[in-house]
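A.B. asks: Sharing a structure with you now.
The values are calculated or read from the model by the stated rules, or taken from the named source; none is laboratory data. These numbers come from a predicted model, not from an experiment. Every residue, glycine as well, gets a Cβ built from its backbone with ideal geometry; the counts of neighbours run over all protein chains shown. These accessible areas exclude ligands, DNA and RNA; they are computed on the full protein's heavy atoms, side chains included. Shrake-Rupley method; radii C 1.70, N 1.55, O 1.52, S 1.80 Å.
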Amino acid sequence: MIIKEFMTKNVITVGPEINLLDAHKIMIEKKIRKLPVIDKGKLVGIVTEHDLFQSTPARINPMGAQQLHYILSSMKVKDVMTGNPITVSPRTPFEDALRMGQEKRIGSFPVVENGKLVGIITESDIVRFLIHVLGIDEEGSRITITGLKRKLDQLEKIISIIDKHEIKILSMVVPPRRDKAGWMLALRLNTKKPKTIVQNLKKEGFKVTWAVASVKPEG
């Protein structure tokens with residue numbers, strides 16, 4: 001999966017000369033926390049909700065709402081933005097962006113192609129993508145199998161058992177277990193009644209440690 005497939009397009013931006021109060025109003029109205037800063041068609045920075053207030057607490061008292069309003073209206077985005085932000089391209093693999101975010105402690109990346117801003121990838125986008133990949137956004141069951149040997153024939157056998165029940169596999173994850181012997185396989189299946197599948201897996205000698213039905217929340 002690459003960034004282009006799950007980034008936010010039609011990005012809302014601001015200019016460097018806009019005051020912080022107006023920038024904050026945009027964030028509230030659009031329900032966003034980050035704004036790329038564009039100057040003459042070029043990405044020059046990014047400003048976050050945290051940036052808007054980071055430089056003000058020491059300058060106001062607890063009762064200074066009016067003073068805070070004045071400060072935000074007198075300061076400009078260019079005064080607090082992060083200049084020359086780290087960017088990714090639409091073709092950047094998802095895992096590379098996730099790793100960079102962890103290493104550099106960055107919660108979002110503007111997406112740039114041919115010098116032009118074409119999107120933004122944020123923590124919310126990443127969470128939404130992971131929920132989709134892991135099948136959490138669909139009703140089903142999770143089955144965890146431990147003690148697997150590093151052989152593909154075991155995986156083929158598991159898939160064969162599930163296939164006989166004509167059940168869709170929503171996701172299949174092999175978490176790293178450097179301190180444990182054998183592999184662990186976490187499956188999400190498109191069924192709320194995994195009991196028969198679990199029984200068949202156990203008959204074939206697989207150690208099923210957890211099986212639970214989950215329901216997609218309403219709303």
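A.B. asks: Name the residues whose placed amide hydrogens come within less than 5 Å of the amide hydrogen of Thr92, ignoring near sequence neighbours (fewer than 5 apart) on the same chain.
C.D. replies: Ile3, Lys4
A.B. asks: Could you check the simple spin-label distance between Asn114 and Ile159, using points 7 Å along Cα→Cβ, in nm with one decimal?
C.D. replies: Spacing of the two 7 Å Cα→Cβ label points: 3.9 nm.
A.B. asks: Moving on. Multiply the residue separation of Tyr70 and Thr209 by 0.36 nm, subtract the distance between their alpha-carbon atoms, and state the gained length in nm to one decimal.
C.D. replies: 44.1 nm
A.B. asks: Taking the Cα atoms of the chain alone, what are Rg (to one decimal) and Dmax (as a whole number) in Å?
C.D. replies: Using the Cα atoms of the chain, the pair Rg, Dmax is 23.9, 72 Å.
A.B. asks: Among the lysines, which fall within straight-line cross-link reach of Lys195, defined as a Cα-Cα distance under 28 Å, with same-chain neighbours fewer than 8 residues apart omitted?
C.D. replies: The reachable lysines, counting only those whose Cα sits under 28 Å from Lys195, are Lys149, Lys151, Lys157, Lys164, Lys168, Lys180, Lys203, Lys207, Lys216.
A.B. asks: So, taking all protein chains as they sit and a 1.4 Å probe, how much accessible area belongs to Asp79, in Å² rounded to tens?
C.D. replies: It works out to around 90 Å².
A.B. asks: Could you name the lysines in cross-link range of Lys30, using Cα to Cα under 17 Å and dropping any fewer than eight places away on the same chain?
C.D. replies: Within the straight-line limit of under 17 Å, Lys30 reaches these lysines: Lys9.
A.B. asks: Under the rule of -39500 (n - 2.57) per DSSP H run of 4 or more residues, summed and divided by the residues of the chain, what mean residue ellipticity at 222 nm is obtained, to the nearest 500 deg cm²/dmol?
C.D. replies: Roughly -10000 deg cm²/dmol at 222 nm, from the helical runs in the chain.
A.B. asks: Region 68-127: percent of C-alpha pairs farther apart than 18 Å?
C.D. replies: Everything past 18 Å amounts to 45 percent.
A.B. asks: For Lys207, which sequence-distant residues (separation of 5 or more, or a different chain) have an amide H within less than 5 Å of its own amide H, given hydrogens modelled in the peptide plane?
C.D. replies: Amide H to amide H, under 5 Å and 5 or more residues apart or across chains, Lys207 pairs with Thr146.
A.B. asks: Could you give each residue of region 127-135 its phi-based ³J(HN,Hα) in whole Hz, using Karplus coefficients 6.51, -1.76, 1.60 with θ = phi - 60°, and x for Gly or Pro?
C.D. replies: 4, 4, 5, 5, 4, 5, 4, 7, x
A.B. asks: Whenever you get a sec, compute what percent of the accessible area on the chain sits on carbon and sulfur atoms (1.4 Å probe).
C.D. replies: Roughly 51 percent, rounded to a whole number.
A.B. asks: Can you tell me the FRET efficiency between Val173 and Lys9 if r is taken as the Cβ-Cβ distance and R0 is 30 Å, rounded to the nearest 0.05?
C.D. replies: Working: r = 28 Å, r/R0 = 0.94.
FRET efficiency, Val173 to Lys9: 0.60.
A.B. asks: Which FRET efficiency, nearest 0.05, do Lys40 and Ile131 yield, Cβ-Cβ r, R0 30 Å?
C.D. replies: So, using R0 = 30 Å, E works out to roughly 0.20.
A.B. asks: Can you compute 3J(HN,Hα) from phi for each residue in region 17-26, using the Karplus curve 6.51 cos²θ - 1.76 cosθ + 1.60 with θ = phi - 60°, rounded to whole Hz and x for Gly and Pro?
C.D. replies: 8, 5, 7, 5, 5, 5, 5, 5, 4, 4
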